[in-house]
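The values are calculated or read from the model by the stated rules, or taken from the named source; none is laboratory data. This structure is a prediction, so every number in the text was calculated from the model and none was measured. Methodologically, a virtual Cβ is constructed for each residue, glycine included, from the backbone with ideal geometry; neighbour enumeration extends over all protein chains shown.
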Amino acid sequence: MTTKLSSCFLFHGLAGISCEREHGTSRRFFYVPSRRLLPASCKMRQQRGFDSSKSREIKRGSPEPILPINSSLQCNSDEESEPENVSADSLPSLKSDVEKENNILSTIESIHAVENTEKKDDIQKAEVTRLKGKPAKKKEESDNAAIDRQNLNNLTVPEVAKALSINESGVEQSSDGQFGELMTMIRNAEKNILRLDQARASALDDLNKILSEKEALQGEINVLEMKLADTDERIETAAQEKIRAGLLEEQLEKLRHEMISPPESDGYILALSKELDTLKIQNLSLRSDIEMLKSELHSVKDTDERVVVLEKECSGLESSVKDLESKFSVSQEDVSKLSLLKTECTDLWTKVENLQLLLDRATKQAEQAVLVLQQNQDLKSKVDKIEESLKEASVYKESSEKIQQYNELIQHKVKLLEERLEKSDAEIFSYVQLYQESIKEFQETLESLKAESKKKARDEPVDDMPWDYWSRLLLTVDGWLLEKKIGSDDADSLREMVWKKDRRIHDTYIDVKDKSERDAISAFLKLVASPTSSGLYVVHIAAEMAPVAKVGGLGDVVAGLGKALQRKGHLVEIILPKYDCMQYDRVRDLRALDTVVESYFDGKLHKNKIWVGTVEGLPVHFVEPQHPSKFFWRGQFYGEQDDFKRFSYFSRAALELLLQSGKRPDIIHCHDWQTAFVAPLYWDLYAPKGLDSARICFTCHNFEYQGTASASELGSCGLVVNQLNRPDRMQDHSSGDRVNPVKGAIIFSNIVTTVSPTYAQEVRTPEGGKGLHSTLNFHSKKFIGILNGIDTDSWNPATDPFLKAQFNAKDLQGKEENKNALRKQLGLSSAESRRPLVGCITRLVPQKGVHLIRHAIYRTLELGGQFVLLGSSPVPHIQREFEGIEQQFKTHDHVRLLLKYDEALSHSIYAASDMFIIPSIFEPCGLTQMIAMRYGSIPIARKTGGLNDSVFDIDDDTIPTQFQNGFTFQTADEQGLNYALERAFNHYKKDEENWKRVMEKVMSIDFSWASSATQYEELYARSVAKARASANRT
């Protein structure tokens, strides 16, 4: 039978006792150096600051443990037979063991007595440490108690007996009676220990309760102390107030005494009254001063208001100056037309002058006829006199023959005069007839000229008004339609009249400009009958547009292509998000329409405020979502975590605007991944609703950016995820749970373009397509590359206001002046005027070949040139690297790095540079090389993308001479760049005249949008014609 002990003996380092009775086997004590088997009360004293000296007194004389515990010892209680060999020598040892057991028990009782007497001291001494580390210590106590219980449970009664049977000489002897007494004593001791443990546990519970009550009391004491401190403060303040009251009472007594004092104190009172009067006078003067200050303040406020009014007038004048400048630029464009009109006017004036000569001749002849008539009158008077004289002579008929002869002579003269009179009358009559005929012919010619002029003015468009005027008129019509003030058919008719620049709508607009809106609408509705136009109606939906919202080349394309198509007679409109960070000063006539367009998103209808205005002559609609996420009020165009949601929302809102305004465009042109959602939205949702007149054109400006996202996000804009998240629809090649907006636009669009022919070939390869090469190859019939153009009005060295001196291909003197001005501005050496200047304007990103740009700086110095870099990097380590280079060349005579972007400085660098370096790793199109050539700077470019389509090597004999315009290299390494750079320096230094001819040639190349717009125009027209033919067949 095995009996488990619930406690243990702890003195002299005794950790476990085991006994085993098995046919005379030995009995032993086991000493173990373990603190875990200490009684709980001892542990509590040690943990709570128990007096170590008292503990040492209790434990003094305890021997160190010498043997480890053996947990494998067992006691078999079923075998109760006596040992075979029992020695008498073992009895003294047993007695001594019994005595030791009694000593053990007495020691335990003394320990508990000490515990009972010192418990209060322990509680008080342990309180401070308990409050600081109560949670940790409680955990340690519970752990130690658990260990104690486990160790005690492992002890068996035979083990204890065996342990107590060890004597000093190590000989084991015992008898059955003595052993039974010993077992009884052990059991009694065990019971006492159990009772002690129970009492200790209850004491600990009481102690915990006392401590919790103490904590509560301590909290109440703290509250009372705070209240006591407040009371003390109040008492102090009351005491101070009491002291002040005493002082005031003393002063009051003094005043009373003075009031009761005898009359000799009247002088003092009079003095006080005088002082009071002077104070009153000063108070009045102060009041008058305050009133004056108030009046001056009002005048200052009025002045401020006048300043504000003057500032507004100044801003208005600035806008009018800008308007005049735009009109002036437009008028310059129309010089050729005016010259034709001038030639017609000169022809008319020659005709009028001829008629005037005829009229002058007729007038002279009439004057001569009048003179002849006067002469005839004189002759008549003479004839009358002669007749009278004849009558008188008849009296003397018979007087003489002389009189008769004289009479005959007179009659003959009279006959001659009559004949002459008849002839003169005939001449006068012929002159009068000729004069009348001339006058009639002149009037008929004049009337015909007037009729032709009226007819021509009526039939020909009004070309002397800027595009801003027509865009503003178009936005007015659209606003009336959205505000439901006119019908959609009337709006279409009026829109076509604006499209044609019809003189009737122009005249009507001028007539009703100062009238009410109702009168204007009624006047415009009278003009609804108009023939249809042969032009196209194109709507661009984009995330950027230069100059109001520009990040990269996308903004330039939208503005440049739009203006070029507009010049070709097409109706062009732009739809943009209304960013909070736009350049609002570049938008003319910006106003909000009195209407709200609702669009679906995330299962709800959200309102959108629509703004309209003109940007460089183009009509623009700005969509401002009234969404709680404030999609376009983030202070930046891109780079937000929810860009996928922002632009999918905008794409649907833009199509909703077209649907609700009744517009029926021929082409909807969307750009890059931000508006690629338009294509699937149009065909899946809006074509079934009636917005089915358009063909979709999608242009990807850089396949590096595709806007992929989780497929679940696609459902927010209303598209069905299950139908589109498929390999043949919008599913991205990288993962089955991601969608690719660019891939969707390629599949759903009727026309797909990119920004250069070479780039169109590069993206159809696995390296350039970024995962879309198979999709592009499958849809290759509708995919084409069209080289972008540049805005030749903004980039024109002959009119550029940022330049020190303007110049052109025929007069290059200004380029040298700009080179000297830039050197002076940047602190570069001007000692050698023929030292070549190499320019570089770029974003410092890996795509642009930053390692080659860095190498070009040092190689240019080695070749004896100067280098200027303008640009910054969004990549931190690249920016830091070039900042180090900037510091290295900060005071150098031939190198300057400007790690920023400056619009005015970029114009100066283009104009001053002799060469321009563009070492891109890949370049979809590139505008830098075109602008550089426009300013007479020869490009040094790598043959990739749009660079390969616009820069042709001067030393390549396979290229016709008229197309050679720069220096190119193939491999994106330092050797390739060195070869092109060295050849450029050799040409520049050895043949100045040939270099000048190359400059003149590159400046004469047409990089405008006219050619690109023609290609887009053909694509549009072909797609629209195909759609109309298909509709007619059905």
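I'd like to know if segment 880-889 contains one or more residues that are surrounded by fewer than 19 Cβ atoms within 10 Å (Cβ to Cβ) and under 24 Å from the mean Cα position of the chain (by Cα).
Looking for residues that are surrounded by fewer than 19 Cβ atoms within 10 Å (Cβ to Cβ) and under 24 Å from the mean Cα position of the chain (by Cα), one finds at least one in segment 880-889, hence yes.
Yes or no: residue 900 over 26 Å from residue 936 (Cβ atoms), assigned to a loop (DSSP other than H, G, I, E, B), in the same structural domain as residue 972 (by TED's automatic domain parsing) and basic (Lys, Arg)?
no
Name the residues in segment 779-805 that are of a type outside the set (Lys, Arg), over 21 Å from residue 672 (Cβ atoms) and not in a loop (DSSP other than H, G, I, E, B), would you?
none
Would you call residue 540 at pLDDT 75 or above and within 21 Å of residue 791 (Cβ to Cβ)? Show your work before the answer.
On the way: at pLDDT 75 or above: yes; within 21 Å of residue 791 (Cβ to Cβ): yes.
Yes: the conditions hold for residue 540.
Hey, does segment 545-557 have a residue that's in contact with a Lys or Arg (Cβ under 6 Å, 6 or more places away or on another chain) and within 25 Å of residue 946 (Cα to Cα)?
Narrowing segment 545-557 to residues in contact with a Lys or Arg (Cβ under 6 Å, 6 or more places away or on another chain): 547-548.
Adding the requirement that they be within 25 Å of residue 946 (Cα to Cα) leaves 547.
Yes, that holds for at least one residue.
Condition first: surrounded by fewer than 20 Cβ atoms within 10 Å (Cβ to Cβ), among the aliphatic types (A, V, I, L, M) and within 30 Å of residue 758 (Cα to Cα). Can you find one or more residues in segment 669-690 that meet it? Please lay out each step first, then the result.
First pass over segment 669-690, keeping only residues surrounded by fewer than 20 Cβ atoms within 10 Å (Cβ to Cβ): 683-690.
Still in the list and also among the aliphatic types (A, V, I, L, M): 685, 687.
Narrowing the set further to residues that are within 30 Å of residue 758 (Cα to Cα) leaves none.
No - not one qualifying residue is present in segment 669-690.
Restricting to segment 732-755, and then to whatever is modelled with pLDDT of 95 or more and among the polar types (S, T, N, Q), can you tell me which residue is farthest from residue 701 (Cα to Cα)?
Ranking the candidates gives 750 first.
Sort through 859, 843, 835 and tell me the only one that's closer than 23 Å to residue 995 by Cβ and either out of contact with any strand residue (DSSP E or B) (no Cβ under 8 Å at 6 or more places or on another chain) or surrounded by 21 or more Cβ atoms within 10 Å (Cβ to Cβ) (or both).
Going through 859, 843, 835 in turn, just one is closer than 23 Å to residue 995 by Cβ and either out of contact with any strand residue (DSSP E or B) (no Cβ under 8 Å at 6 or more places or on another chain) or surrounded by 21 or more Cβ atoms within 10 Å (Cβ to Cβ) (or both): 859.
Could you please find all residues in segment 757-775 being under 27 Å from the mean Cα position of the chain (by Cα) and either crowded, with 22+ Cβ neighbours inside 10 Å or free of Cβ contacts under 8 Å to residues at least 60 places away in the same chain (or both)?
none
Is it the case that segment 945-953 has a residue that's buried (at least 22 other Cβ atoms within 10 Å of the Cβ), on the phi > 0 side of the Ramachandran plot, within 27 Å of the chain's Cα centre (by Cα) and in contact (Cβ under 8 Å) with a residue 24 or more places away in the chain?
No; the residues of segment 945-953 include none that is buried (at least 22 other Cβ atoms within 10 Å of the Cβ), on the phi > 0 side of the Ramachandran plot, within 27 Å of the chain's Cα centre (by Cα) and in contact (Cβ under 8 Å) with a residue 24 or more places away in the chain.
Just to be sure before I move on: is residue 496 at negative phi and outside the structural domain of residue 638 (by TED's automatic domain parsing) in the structure I sent?
When the stated conditions are applied, residue 496 passes them.
For the structure I just gave you, tell me whether residue 797 is touching a residue at least 12 places away in the same chain (Cβ under 8 Å), within 20 Å of residue 996 (Cα to Cα) and not assigned by TED's automatic domain parsing to the domain that holds residue 975.
Taking the combined requirement at face value, the residue satisfies it.
Matching residues to (1) of a type in the set (S, T, N, Q); (2) in contact with a Lys or Arg (Cβ under 6 Å, 6 or more places away or on another chain); (3) closer than 18 Å to residue 926 by Cβ; (4) not in a loop (DSSP other than H, G, I, E, B):
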site	(1), (2), (3), (4)
844	no, no, yes, no
854	no, no, no, yes
860	yes, no, no, yes
868	no, yes, no, yes
892	no, no, no, no
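Filtering segment 908-924 down to residues that are more than 23 Å from the chain's Cα centre (by Cα) and farther than 25 Å from residue 831 by Cβ, which residue is surrounded by the most Cβ atoms within 10 Å (Cβ to Cβ)?
That would be 923.
If you check 649, 705, which single one turns out to be among the hydroxyl-bearing types (Ser, Thr, Tyr) and either at pLDDT 95 or above or not assigned by TED's automatic domain parsing to the domain that holds residue 602 (or both)? Steps first, please.
On the way: 705 fails: either at pLDDT 95 or above or not assigned by TED's automatic domain parsing to the domain that holds residue 602 (or both).
When all the criteria are applied, what remains is 649.
Testing residue 971 on (1) over 30 Å from residue 669 (Cα atoms); (2) among the hydroxyl-bearing types (Ser, Thr, Tyr); (3) not assigned by TED's automatic domain parsing to the domain that holds residue 911, one condition comes back false. Which one is that?
(3)
Filter segment 614-646 down to residues that are outside any loop (DSSP other than H, G, I, E, B) and either over 15 Å from residue 657 (Cβ atoms) or of a type in the set (Lys, Arg) (or both), then give me how many there are. Spell out the reasoning first.
Taking segment 614-646 first, the residues outside any loop (DSSP other than H, G, I, E, B) are 614-615, 618-625, 643-646.
With the extra rule that they be either over 15 Å from residue 657 (Cβ atoms) or of a type in the set (Lys, Arg) (or both), the set shrinks to 614-615, 618, 643-646.
Looking only at that region, the number is 7.
Restricting segment 547-558 to residues that are in a loop (DSSP other than H, G, I, E, B) and touching a residue at least 40 places away in the same chain (Cβ under 8 Å), which is surrounded by the fewest Cβ atoms within 10 Å (Cβ to Cβ)?
Per the criteria, the residue is 551.
Restricting to segment 809-828, name every residue that is touching a helix residue (DSSP H, G or I) at 6+ places or on another chain (Cβ under 9 Å), at pLDDT below 95 and not in a helix (DSSP H, G or I).
809, 810, 812
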